[in-house]
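The values are calculated or read from the model by the stated rules, or taken from the named source; none is laboratory data. Remember, predicted model here, so these are calculated numbers, not experimental data. In this analysis, Cβ positions are derived from the backbone assuming ideal geometry, glycine residues included, and neighbour counts consider all displayed protein chains. When the accessible area is computed, the model is the full protein with side chains, heavy atoms only, and any ligands, DNA or RNA have been set aside. Shrake-Rupley method; radii C 1.70, N 1.55, O 1.52, S 1.80 Å.
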Amino acid sequence: MRRTVILLLVLMLAVSLCAPALAAQYQDANWLFADWELNGYPGDVGGVYSYDGDATHLCILLLDRTPEREEEIRALLEDAETLKFGDATRSYAEVLAVRDMIEAEYLDDEGVAGIGVTVNDAKTDFVVSVDVTADRYEDINAAISGKYGDTVEVVCSEAATPETDANENAGQAEADSKARRDYIIYMVIYLVLFVLFCVFLFLRRKKRAEERK
């Protein structure tokens, strides 16, 4: 009976020691951001942006922000020192849905030079940015703004030449491909290190448990 109680205490201690290590799922905010980009954003997240240009110095915009929700997100990170929070009025999923609808309607329009998502000047919400040529600005701006309101920002651009478009698309494709490769490499390294760490904890606790027998 006494031996059983001791084993139970050892098991409880091991679980309590493992819990903090396992609770932190990401090394820093950049890893959390990458996960959301790949697998989807939580419904109360309005977007993520870098507040000083550093990829690990991120601000997460939240709907109905509370200290409890901030702490819940911080608990997912091993290093949350550079993480900040702000308020949002719309979810990032809502913005992406509007972007998809605009792309479906205007992507083949020669007056549309580009469609993307960016944080607004006030850093309070993300908006769909639609870049249009000068000759089509008034028509497209009236149609889109009247339908989607301040979820969309229409900006004026001069029409690009086919050669410029080709060069820009090629450069963007190469950059996107490199970013995907880098992310996969970092994620594989992170997962391998995480598995090795878990195995190390398991073997160490198993050895200690055997020594106590």
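Residue check: residue 159 meets all listed conditions (1) open to solvent by 60 Å² or more (accessible area, probe 1.4 Å); (2) modelled with pLDDT of 70 or more but one, namely (2).
Applying the condition of being in contact with a Ser or Thr (Cβ under 9 Å, 6 or more places away or on another chain) and not aliphatic (A, V, I, L, M) to region 73-98 and asking which residue is most open to solvent (accessible area, probe 1.4 Å) yields 89. When the residues of region 179-203 are filtered to those that are of a type outside the set (Phe, Trp, Tyr) and surrounded by 12 or more Cβ atoms within 10 Å (Cβ to Cβ), the one that is nearest to the chain's Cα centre (by Cα) is 187. Taking the criterion of being of a type in the set (Phe, Trp, Tyr) and modelled with pLDDT under 95, the only residue of region 87-124 that qualifies is 106. In region 51-66, of all residues being closer than 16 Å to residue 88 by Cβ and at pLDDT below 95, the one that is surrounded by the most Cβ atoms within 10 Å (Cβ to Cβ) corresponds to 51.
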